[in-house]
Amino acid sequence: MTQVAQIEDLGPHMRRITLTGEDLNDFPPDQESAHFKAIFPQPGQTIPKLGIYPGFKKWMRSYTVRAFNDQTKTLTVDFAVNDHKGLGTDWAGRAQVGDYLGIAGPGDTKHTNYAADWHLLVADLTALPAAAAVLEKLPRDAKGTAHLQVPTAQDKQRINYPKDVNINWVINPDLTTNRLLNAVQNTPWLEGEPAIFIAAESSQMKAIKKYVKRMPGYSRQQTYASGYWKA
């Protein structure tokens, strides 16, 4: 069980919520970019019901560990807001300091090889927290490209990334067009085997994965591809 300690709007479509609580004392460090299950209060309740019971999955959604401070035991989570309605987005949009949120997990981290020859990251708004966490964990001598899609220029974020990684912000308010695929097709393809991270709308992710599979150096073992939502 956690409680909201701080709320910060990173832009029109992303809200950062910092969580705290004694139950985070055994939360594992170094899991940035990993997913966890957020457990939300049910209608009419302020405290979520934890544990396994009939229908419990209805009140759970997957989110990303954006940051965890092992000293202060605070967990940072970025929520996409103002682009659609849903259990998690509605909760985040209304959240206030002191509100309760349950946490289960985390799972495994997503990027396949931080020591790869080079890196290609492709993410829409829903996967931006995971991609940003990966970028900040890359070694300082890493090289590559990250295509990060957001609805407006005001949604760009400040990310600490290696100097030889090129960040391309794809401004796209029309989620029916696969502008991330267009961006990947125009990516300078470096020598060696890239570690590839692709996370976006399911059909768009599949189209991007189909393209990169034909490129030199592609390795299934060094590729993470996931559909974070379906249109």
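The values are calculated or read from the model by the stated rules, or taken from the named source; none is laboratory data. Quick caveat: nothing in here was measured; it's all calculated off a predicted structure. Every residue, glycine among them, receives a Cβ derived from its backbone with ideal geometry; neighbour counts consider all protein chains shown. What goes into the accessible areas is simple: the full protein's heavy atoms, side chains included, and nothing from ligands, DNA or RNA. Shrake-Rupley method; radii C 1.70, N 1.55, O 1.52, S 1.80 Å.
Computed values, structure above
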quantity	calculated
Burial order of peptide ranges 71-83, 51-63 (average beta-carbon count within 10 Å, highest first)	71-83, 51-63
Radius of gyration and Dmax over the Cα atoms of the range 107-175, both given in Å	11.9, 35
Accessible-area composition of the range 174-231, carbon plus sulfur, in percent [1.4 Å probe]	49 percent
Expected 222 nm ellipticity per residue - DSSP helices of 4 or more, -39500 (n - 2.57), all of the chain, to 500	-4500 deg cm²/dmol
Over the range 185-231: Kirkwood hydrodynamic radius from C-alpha pairwise inverse distances, Å	11.1 Å
Over the range 34-118 - Rg/Rh using Cα atoms and the Kirkwood inverse-distance radius	1.02
Values of log10 I(q)/I(0), in the order q = 0.12, 0.21 Å⁻¹, for the range 80-228 under a Debye, Cα-only, solvent-free model	-0.52, -1.40
Surrounding net charge for Pro162, when Lys and Arg each add one and Asp and Glu each subtract one, Cβ distance under 11 Å	+1
Accessible surface of the range 1-123 [probe 1.4 Å, protein heavy atoms]: carbon and sulfur percent	47 percent
Value of Rg to Rh for the range 1-155 (Rh from inverse mean 1/r over Cα pairs, i.e. Kirkwood)	0.97
Net charge of Cβ neighbours under 14 Å - reference Asn69; Lys, Arg +1; Asp, Glu -1	-1
Residue-normalised accessible area of the chain, given per residue in Å² at a 1.4 Å probe	50 Å²
